[in-house]
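Data block below; observations after.
A short reminder: the numbers here are calculations on the coordinates, not readings from a lab. Worth saying up front: this structure is predicted, and the values here are computed from it rather than measured. Note that we place each Cβ from the backbone using ideal geometry, even for glycine, and neighbour counts take in every protein chain shown.
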Amino acid sequence: MFDTLSDRLTSVLQNLRGKGKLSDADIDATAREIRIALLEADVALPVVRAFIGRVKERAKGAEVSAALNPAQQVIKIVNEELVAILGGETRRLNLAKNPPTVIMLAGLQGAGKTTLAGKLAMWLKKQGHAPMLVACDLQRPNAVTQLQIVGERAGVVTFAPEPGNGVGDPVDVARRGIEEARRAQHDVVVVDTAGRLGVDEELMKQAADIRDAVRPEETLFVVDAMIGQDAVTTAEAFRDGVGFTGVVLTKLDGDARGGAALSVREVTGQPILFASNGEKLEDFDVFHPDRMASRILG
Ligand code: GDP
């Protein structure tokens, strides 16, 4: 996903190698090229501005270091600032003191929530938890069945509304799901919620009602990294409408430019917890800002 950005940044930074002392003009020229590379990769403008500002300031004020030549110093600064916009430290999942821990998934339709529910369940199992899925997407036809299938593949129980009762009330299903988890001693509950094609108020209200009913330890905003700049506007809408404690980037295996997804952390202030990079349940991992930065810088 970040191949072009990675190539561009590597070649910009490569140009610095071999130079002795860097003048302010050298740093300005390098910063300009990094700025173009980031913008072309779809990184949001305010994020690019802040990033470039910090890189320039630090590069110009950099102390002469015995260990690093000036080019290496700039590379180090760019790497550190990239790690910073991606969130700095790896953020672990918060677990409730009194189980079950409730994790609610929110995002647009097609973002990959249902798939993620299965991935998360499988990952949680590997971590020694006993997760349960709760199907609260009663909007999209087949969403409940899809979650049940994903749950079966992950080898976990899915709580779903009884068939034949009409559409049902997702808030009620969520509440009963948590009760069932407590009864059956599941220590983590993943609640799948409905997504729409676009942000709308009804969707936000429903997600907020479910949130109020189940008081999740984590509300994860699931965002398709392929949707470009819309990732940022959607993230802002969900932050204001539902609020979330973490982000999951999906479809990082795609060939879109992906920079918008890199902006979500800086724009919303919430950390990226997980990354999804394929359709299989195994294509999933904890998001590590430092590893992602290293991948981007080649
Ligand atoms: P939901 O509407 O948010 O529940 O989204 P789904 O989980 O149904 O996913 C929508 C489509 O994206 C499905 O075809 C998934 O197989 C696919 N998908 C989900 N996550 C990924 C991913 O990380 N990479 C790729 N390539 N496809 C994914």
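Brief remarks follow.
- Looking only at residues of segment 273-295 that are within 25 Å of Glu80 (Cβ to Cβ) and within 14 Å of the ligand (Cβ to nearest atom), we find that the one that is surrounded by the fewest Cβ atoms within 10 Å (Cβ to Cβ) is Asp285.
- Scanning segment 111-166 for residues that are out of contact with any strand residue (DSSP E or B) (no Cβ under 6 Å at 6 or more places or on another chain), part of a loop (DSSP other than H, G, I, E, B) and of a type in the set (D, E, K, R) returns Arg140, Glu162.
- Condition met for Thr234 (touching a Leu at 6+ places or on another chain (Cβ under 7 Å), of a type in the set (Ser, Thr, Tyr), within 16 Å of the ligand (Cβ to nearest atom) and within 25 Å of Leu45 (Cα to Cα)): yes
- Per the conditions (1) under 20 Å from Asp212 (Cβ atoms); (2) of a type in the set (Gly, Ala, Ser); (3) within 16 Å of the ligand (Cβ to nearest atom), the sole criterion not satisfied by Ala117 is (1).
- When Leu120 is tested against (1) of a type outside the set (Val, Ile, Thr); (2) buried (at least 17 other Cβ atoms within 10 Å of the Cβ); (3) touching a Lys or Arg at 6+ places or on another chain (Cβ under 8 Å), just one condition goes unmet, and that condition is (3).
- Filtered by the rule that a residue be surrounded by fewer than 23 Cβ atoms within 10 Å (Cβ to Cβ) and within 16 Å of the ligand (Cβ to nearest atom), segment 151-172 gives Glu152, Arg153, Ala154, Ala160.
- Some residue of segment 241-260 being away from the ligand (no atom under 16 Å from the Cβ), over 30 Å from Asn98 (Cβ atoms) and out of contact with any Cys (no Cβ under 8 Å at 6 or more places or on another chain): yes
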